[in-house]
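The values are calculated or read from the model by the stated rules, or taken from the named source; none is laboratory data. What you see is a predicted model; the values in this text were computed from it and never measured. So basically every Cβ, Gly included, is an ideal-geometry build from the backbone, and we count neighbours across all protein chains shown.
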Amino acid sequence: MSKINIRWGWFLGIAICSASVCNITNCAFAQITPDGTLPNNSIVTPDGSTLNITGGTQAGSNLFHSFGEFSVPINGVALFKNSVNIQNIISRVNGGSVSDINGLIRN
C-alpha cells in the first residue's frame, strides 16, 4: 500500500511542477490577438519583447482596435504605431480571457 502512495505522490509532484513550469513559460509571451471584427483589422507583429500594433480602423482623428486577447507580460511592451494625425486610440478586448497587463502599453 505504501508503494502505491509513494508512486502517486511522485506522479502528483511531477504534474504540479510541470503545470507550474508551463504556466511560467506561457507568461513569458504576450497574448495580443486581433478579433477580426473591424473593417480594417489590427496587425500584431512581434519584435523581441515588443509587440508592434498597426492597422486598425480610422474614423477622423480616432483609431479603433478590437482584440480577442490582450495581455502584456513583465518586461513586455505593446506598442501602438499610428500616423501623426491620430489623436485618440480606442481599443476593446472582447474575448473570454482575463487581460494581464504587467508590462508597458505605449504609442
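Overview of results
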{"read-out": "Test: residue in segment 53-76 that is in contact with a Leu (Cβ under 8 Å, 6 or more places away or on another chain), assigned to a loop (DSSP other than H, G, I, E, B) and either modelled with pLDDT under 95 or among the hydroxyl-bearing types (Ser, Thr, Tyr) (or both)", "value": "no"}
{"read-out": "Residue match in segment 30-44 (condition: modelled with pLDDT under 95, buried (at least 16 other Cβ atoms within 10 Å of the Cβ) and either of a type in the set (S, T, N, Q) or assigned to a loop (DSSP other than H, G, I, E, B) (or both))", "value": "yes"}
{"read-out": "Which listed residue is among the small types (Gly, Ala, Ser), modelled with pLDDT under 95, part of a loop (DSSP other than H, G, I, E, B) and surrounded by 12 or more Cβ atoms within 10 Å (Cβ to Cβ), from Ser83, Ser97", "value": "Ser97"}
